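Participant: One structure is given below, represented as structure tokens, and several questions about it will come after.
The values are calculated or read from the model by the stated rules, or taken from the named source; none is laboratory data. Nothing here was measured: the structure is a model prediction, and the numbers come from that model. All Cβ positions, even for glycine, are placed from backbone atoms using ideal geometry, and neighbour counts span all protein chains on display. Just so you know, the surface numbers come from the protein's heavy atoms only, side chains and all, with ligands and any DNA or RNA stripped out. Shrake-Rupley method; radii C 1.70, N 1.55, O 1.52, S 1.80 Å.
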Amino acid sequence: MKRSADNRALLGLFRVLTLLILCAYFGAVAHLWHQNLSETRSSLAYINSMLVQGVRTTLKGHELVLRGLGHELVRLGSLDDPELGRALIERMRLIDPGMAGFGLARADGQLVLVSGIGPGEPLPSLARRPEARDSFAEVLESPHLRTGRPYYFDSLGHWVVPIRVAIRDVAGSILAVMTAGYTIDSATAAWANLKLPPKVSVSLIRDDGYKLYKQPLPELPRADALKAVYAKPQKQDVLLGANLPTGSGPTTLSQPESSNGRYIAYTRIPEYGLHAGAYIQDSAVIQGWLRRLLAPTALLLLFLVGGGLAYRRANQQQASSDAEIRQLTAWQQAMLDGADYSIISTDVNGTIVSFNKAAQRLLGYRPAELVGRHTPEIFHDPKEVLERAA
């Protein structure tokens, strides 16, 4: 069916409105993506800053405690007679439930006093134990507390992080090394109670790839998860990636071993030789963006469906009106053709709208030659009229 002028105007209006709505929708899609990404990065940066602040606060507090305890033990003469400091070191172990134990070592690495181990029992050398050798060498060169590789403390049934501080005299010479074992999942750590949004992970990792903290743990039985995270170095960890810029801040990483990239906020903590980071898979970011799109997408579909139905109804009404007009026109023409005299119908401007068969016989014009023409154009020359009638 050929569209009427009214139908074409209605269709044009519907198309224009649809185009405007689609432009607004895709503008909202882009805006919501950038808003979602910006909020994700801000959230990661905040979580990472809280992690870094907690790490620095906790380790600085332990550093002060270990320095004070070490100087006091040296003053008491515990390097020569360990039993002089036993009461103090055992009392200190009870103060912090998150601390597995304390130990005092000579500058050569030999432990001389360890809380919880009675007199006369053999003690190891930190400089000779494979898991302690590297971090012990580090603490001799560093003015700050240093962390060691995590290990499983059998007597407590916990994974612990060794922390060590060199005890120096006023001239800077090393007198002893104070060491302690800090329980990894202890609630006394300033970072242990971080409230993480869904799909967000945090990690604290040494330069050599050993993790000191990770949350959440892999979805394994807890003992297996702790062993998987802390028992061996993870050189391919995202925080040690070669594509990480120096310094700190939010960035985007693409991981070769995963089909997903990651958004990450990280910070290097140079004084402790640690990397801290909060990250989220980009698939989780996309899911959050899609959830934000539900409302505008529903509005778009509502407009398209409602507009389509409204256009269809208007089109049907227009078609019905056109059919009625055609029926009335045919009925009118039949009445005119039934008359024995000539009848010519014009509009207010004198333009011919219709004429009957008697007028056609009289004037000699076919309908296509007269309809739409102005009457003065037809009747200005009576001779022409008579010639066509003849």
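Participant: With the full set of protein chains in place, find how many percent of the accessible area of the range 20-96 is carbon and sulfur; take the probe as 1.4 Å.
Facilitator: Details: 2690 of 4200 Å².
C and S atoms contribute 64 percent here.
Participant: Going by amide H atoms built from the backbone, whose H comes under 5 Å of the H on Val112, apart from near neighbours?
Facilitator: Those lying under 5 Å, H to H, from Val112 are Leu104, Ala105, Arg106.
Participant: Can you give me the long-range amide H partners of Ile269? Hydrogens built in the peptide plane at 1.01 Å from N, cutoff under 5 Å, separation of 5 or more residues or another chain.
Facilitator: Under 5 Å from the amide H of Ile269: Leu274, His275, Ala276.
Participant: In terms of modelled amide H atoms, which long-range or inter-chain residues lie less than 5 Å from the amide H of Tyr213?
Facilitator: Residues meeting the criterion, in which the H sits 1.01 Å from N, are Leu204.
Participant: Next up: So what is the relative contact order of the range 45-179, in percent, for Cα pairs below 8 Å that sit 6 or more residues apart? If you can, show how the numbers build up before the last one.
Facilitator: Numbers: 192 pairs, mean separation 30.4, N = 135.
It rounds to 23 percent for the range 45-179.
Participant: Under a 1.4 Å probe, what is the accessible area of the range 82-152 per residue, stated in Å²?
Facilitator: Numbers: 3560 Å² over 71 residues.
The answer is 50 Å² per residue.
Participant: Treat each spin label as a single point 7 Å out from the Cα along the C-beta direction, and report the Leu20 to Gln317 distance in nm.
Facilitator: Label-label distance for Leu20 and Gln317, simple model: 2.0 nm.
Participant: Another question about this same structure. At R0 = 35 Å, how high is the FRET efficiency between Asp108 and Ala228 if r is their beta carbon distance? Nearest 0.05 is fine.
Facilitator: Numbers: r = 35 Å, r/R0 = 1.00.
Given R0 = 35 Å and the Cβ-Cβ separation, E is 0.50.
Participant: How fast does the range 1-132 diffuse by Stokes-Einstein, in µm²/s, taking the Kirkwood radius from C-alpha pairs at 25 °C and 0.890 mPa s? Walk me through the intermediate numbers first.
Facilitator: Numbers: Rh = 21.2 Å.
Roughly 116 µm²/s, to the nearest whole number.
Participant: Let me ask something additional. If you take the charge dipole of the range 1-128 about its Cα centre, with +1 on Lys and Arg Cβ and -1 on Asp and Glu Cβ, which of His71, Ala9, Ile95 is farthest toward its positive end?
Facilitator: Ala9
Participant: Please turn the phi angles of the range 312-329 into ³J(HN,Hα) values with the Karplus equation 6.51 cos²θ - 1.76 cosθ + 1.60 (θ = phi - 60°), one per residue in order, whole Hz, x for glycine and proline.
Facilitator: Along the range 312-329, the couplings run 4, 5, 4, 5, 5, 5, 5, 5, 5, 5, 4, 5, 5, 5, 5, 5, 5, 5 Hz.
Participant: Determine the distance separating the Cα centre of the range 300-319 from the Cα centre of the range 123-147; give it in Å without decimals.
Facilitator: Cα centroid to Cα centroid, the span is 78 Å.
Participant: How large is ³J(HN,Hα) for each residue in the range 80-93, as worked out from phi by the Karplus curve 6.51 cos²θ - 1.76 cosθ + 1.60 (θ = phi - 60°), to whole Hz, x for Gly and Pro?
Facilitator: Working through the residues one at a time gives 8, 10, x, 5, 5, x, 5, 4, 5, 5, 5, 5, 5, 5 Hz.
Participant: Once phi is turned into ³J(HN,Hα) by the Karplus curve 6.51 cos²θ - 1.76 cosθ + 1.60 with θ = phi - 60°, what whole-Hz value does each residue of the range 50-58 show in order, with x for glycine and proline?
Facilitator: Rounded to whole hertz, the list is 5, 4, 5, 4, x, 5, 5, 5, 5.
Participant: Rounding to the nearest 20 debye, state how big the charge dipole of the range 132-177 is about its Cα centre with +1 on each Lys and Arg Cβ and -1 on each Asp and Glu Cβ. Present the calculation step by step, with values, prior to reporting the outcome.
Facilitator: Details: 5 positive and 5 negative charges, 7 e Å.
Once rounded to the nearest 20, the dipole reads 40 debye.
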